[in-house]
Amino acid sequence: MLARRMWNLLLLFSAMLIGIGLLACGGGGGSPGTPGPVTPPPATTGSLAVTASGLPPGVNAAVRVTGPGNYLQDLTQSQTLANLAPGSYNVSASPVTNGGVTYQPTPASQATTVGAGATVTATVSYASSALSLGLTRVVDNLDNPTFLTFQPGDSRLFVTERPGRVRIVENGSTRDMPYLDIRGLVSTDGEGGLLSLAFDPQFARNGYLYVYYTDLERHIVIQRFDAGATPTVVNPTSGLVILRIPHPTYQNHFGGQLAFGPDGYLYLATGDGGGGGDPQGNARNLDSLLGKLLRIDVSDATTTRPYTIPPDNPYRDSAGRRPEIWASGLRNPWRFSFDGSQLYLSDVGQDRREEVNIAATNQAGLDYGWNVMEGTLCYGAATCNRTGLTLPAFEYDHGTGGANGCSITGGFAYRGRALSELAGHYFYSDFCGGYLKSFLATGNGIVEQRDWEIGDIGRVVSFGQDADGELYLLTGGGAIHKIGRGATQ
């Protein structure tokens, strides 16, 4: 009996110990207590809500946001940018063109400050307006300016004058002392003279520049000069003749353009030798350098070897064909220009048509058809064989009494910033027309043709381009005009 009582006491004591252990471990539904409030860490970033309004459905805005740490984000619609570092952000908007209508943003630029843990708002409102262009006279009283260009990384303008001088235009005035004076080498008979200038792509390293002129025997000459130590005057004794092309008999159709392509080679466009209808048959004669677009390598020019032939020139290894030729069949190409991977080449017509040819920069051996074709018309015949000929991408007829012009002045595809809505539009004029026109070349053809109605400013001799991609008009009266935004209509 005693033993049983002791046994029961032992069991009870064990149960008590187990219960105490469970309580100590939090088991059995025991309460651990009420925790205190949790404080979240402070915010370290903020947000910027950009709202763009006023554009038709399907038309994208053009907004750029920049900020601390080289932050950059382009937006095409309203959007909230999160996780931004605190600091000052700039919201800039560019005009947008759709269907011939330009939508201007307001404001064009605004600054806003993003704070940690906060969202700020920037609003851009677009409104439609008719884009117009105007001209600003930069300088005048030049002696028959023929071309305008720039040195890489230099804001100055360099203008060729037909008698044989290169002038510097800086801050709206022309320096009295010429940058280069070769009047003693240049003939201005007929259409001749100093016709263009190109700076070497490596000008900052080698100081080379190249000029295209007609010499005292009326031959076409390409000559290199060394800029020397001073930025205002070229070393006049440094001339190296790169190429001299005989131009017998006639005093017209000298061509006149030279420019470096994106491949680093030097291109030059020559006329067919003159006369009406290419009487000497030069343009399509591959043994003649006249009536051609030529392509040469001048990177290692010396007196004994002034140029070499690029390895992919189409007639490099062809007997009876000049290896310098890149394209043929040109009458009097008056200005060509490069735009990325495209080449724009305008060619002056004979009696009826003016043309612009557009080709990829790697398209070699094209035959533009003169004197079989004048634009898309057969020249001097009712029918003609067009096999193997490259027809122009754009042309215009002279019209009754030359109402549309008589001699195209080719220009550039616009790549400046002042008129960003016109990016890629090609500008041209006409020596007889005195107008400013443009078009846009697309995969589906030529669109957005426009006459900018700037009024007749006289004979437009050439276009020019500065280091920022802005365009200029040079007139026969000796003036230079910059193309810019006109009054809002």
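Computed from the coordinates by the stated procedures, all read-outs in this text should not be read as laboratory data. No experiment lies behind these values; they were computed from the predicted model shown. With ideal geometry, Cβ positions are generated from the backbone for all residues, glycine too; neighbour counts draw on all protein chains shown.
Things to note:
- Under the Karplus curve 6.51 cos²θ - 1.76 cosθ + 1.60, θ = phi - 60°, whole-Hz ³J(HN,Hα) for the stretch 364-375, x wherever Gly or Pro sits: 9, x, 6, 10, 7, x, 6, 10, 6, 10, 10, x
- Based on the Stokes-Einstein relation at 25 °C and a viscosity of 0.890 mPa s, and on the Kirkwood radius from alpha carbon pairs, the stretch 55-141 is assigned a translational diffusion coefficient of 164 µm²/s.
- The chain, helix-only ellipticity at 222 nm - DSSP H runs n ≥ 4, -39,500 (n - 2.57), divided by all residues, nearest 500: -2000 deg cm²/dmol
- Normalised by residue number, the volume inside the convex hull of the Cα atoms of the stretch 276-403 is 135 Å³ per residue.
- The stretch 133-485 - charge dipole about Cα centre, Lys and Arg +1 at Cβ, Asp and Glu -1, debye rounded to 20: 280
- Residue-span extension gain [ASP351 to ALA130] - 0.36 nm each, minus C-alpha spacing: 76.0 nm
- Contour minus Cα-Cα distance for SER155 and ASN70 (0.36 nm per residue): 28.0 nm
- Gyration tensor analysis over the Cα atoms of the stretch 154-276 returns equivalent ellipsoid semi-axes of 25, 16, 13 Å (largest first, whole Å).
- Sorting 299-312, 255-268, 122-135 by their mean Cβ neighbour count within 10 Å, with the most densely packed peptide first, gives 255-268, 122-135, 299-312.
- Size of the chain from its Cα atoms: along the principal axes, largest to smallest, the extents are 149, 56, 54 Å.
- Long-range HN-HN contacts of ILE242 with modeled amide H, under 5 Å: ILE222, GLN223, ARG224
- Ordering of 170-181, 378-389 by burial proxy (mean other Cβ atoms within 10 Å per residue, highest first): 170-181, 378-389
- Inter-probe distance in nm under a simple model that places probes 7 Å from Cα toward Cβ, at THR44 and ALA360: 5.0
- Net lengthening on full extension, ASN235/LEU286 (0.36 nm per residue, minus Cα-Cα): 14.7 nm
- For the chain, the longest principal axis of the Cα atoms and the long axis of helix 2-24 meet at an angle of about 30 degrees.
- Amide proton proximity set for GLN257, modelled H, under 5 Å, gap of 5+: ALA269, ARG335
- For the stretch 133-485, the relative contact order comes to 15 percent (Cα pairs under 8 Å, sequence separation of at least 6).
- Sorted peptide list for 313-320, 244-251, criterion being average Cβ within 10 angstrom, highest first: 244-251, 313-320
- Converting phi to 3J(HN,Hα) with the Karplus coefficients 6.51, -1.76 and 1.60 and the offset θ = phi - 60°, the stretch 272-289 yields 7, x, x, x, x, x, 6, x, 8, x, 7, 4, 9, 7, 6, 9, 10, 8 Hz in sequence order, with x at every glycine or proline.
- Placing a pseudo-label 7 Å from each Cα along the Cα-to-Cβ vector at SER318 and CYS406 gives an inter-label distance of 3.6 nm.
- Close amide H contacts of VAL138 (hydrogens built in the peptide plane, cut-off under 5 Å, sequence separation of 5 or more or a different chain): ILE480, HIS481, LYS482.
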